Amino acid sequence: MPEENLVLSLILLSLFESIHDSNFVKALPPTYLAQARDLANWHEYNIFSSPQLNGVGKIAGRTILPSILNGFATIANPSGPLKNFYQAISYKPFISLFNMTGIAE
């Protein structure tokens, strides 16, 4: 596990440096940045997904889902004044929700 954390830390550092230091990108092998992005995407996807609906990877989606459903219910209420709903969330609940609903497949 510590080795995986070290590798992930190096990948994230590489991505950070690629954004903020143009000389760093020029010093990398041509495929390194694409590989680092793929590994970072794989890591985030596997943290926020789970084969079971009650799995730990679905916590982010299960947490945000009631708020989204309540917003839809409020908009659908013809006597209610709210006709627009804004929910600001990070990518993590989206990954979880897309996996829960099967959209990501």
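The values are calculated or read from the model by the stated rules, or taken from the named source; none is laboratory data. From a predicted model like this one, the values you see are computed outputs, not experimental measurements. In this analysis, Cβ positions are derived from the backbone assuming ideal geometry, glycine residues included, and neighbour counts consider all displayed protein chains.
Which of the residues that make up region 16-36 are exposed (fewer than 14 other Cβ atoms within 10 Å of the Cβ), under 22 Å from the mean Cα position of the chain (by Cα) and of a type in the set (A, V, I, L, M, F, W, C)?
Selection gives 16, 19, 34.
Which of the residues spanning region 58-101 are part of a loop (DSSP other than H, G, I, E, B) and either under 18 Å from the mean Cα position of the chain (by Cα) or of a type in the set (A, V, I, L, M) (or both)?
Keep residues of region 58-101 that are part of a loop (DSSP other than H, G, I, E, B), which gives 77-90.
Listed by number, the residues that qualify are 82, 87, 88, 89, 90.
Quick check, is residue 4 modelled with pLDDT of 80 or more and part of a helix (DSSP H, G or I)?
no
Go through region 69-92 residue by residue and tally those that are without any contact (Cβ under 8 Å) to a residue 40 or more places away in the chain and closer than 14 Å to residue 44 by Cβ.
Initially, region 69-92 is screened for residues without any contact (Cβ under 8 Å) to a residue 40 or more places away in the chain, giving 69-90.
Restricting the remaining residues to those that are closer than 14 Å to residue 44 by Cβ gives 90.
Within region 69-92, residues that are without any contact (Cβ under 8 Å) to a residue 40 or more places away in the chain and closer than 14 Å to residue 44 by Cβ number 1.
Suppose we filter 99, 41, 84 for residues that are exposed (fewer than 10 other Cβ atoms within 10 Å of the Cβ) and either modelled with pLDDT of 85 or more or not charged (D, E, K, R) (or both); which single one remains?
That would be 84, the only listed residue that is exposed (fewer than 10 other Cβ atoms within 10 Å of the Cβ) and either modelled with pLDDT of 85 or more or not charged (D, E, K, R) (or both).
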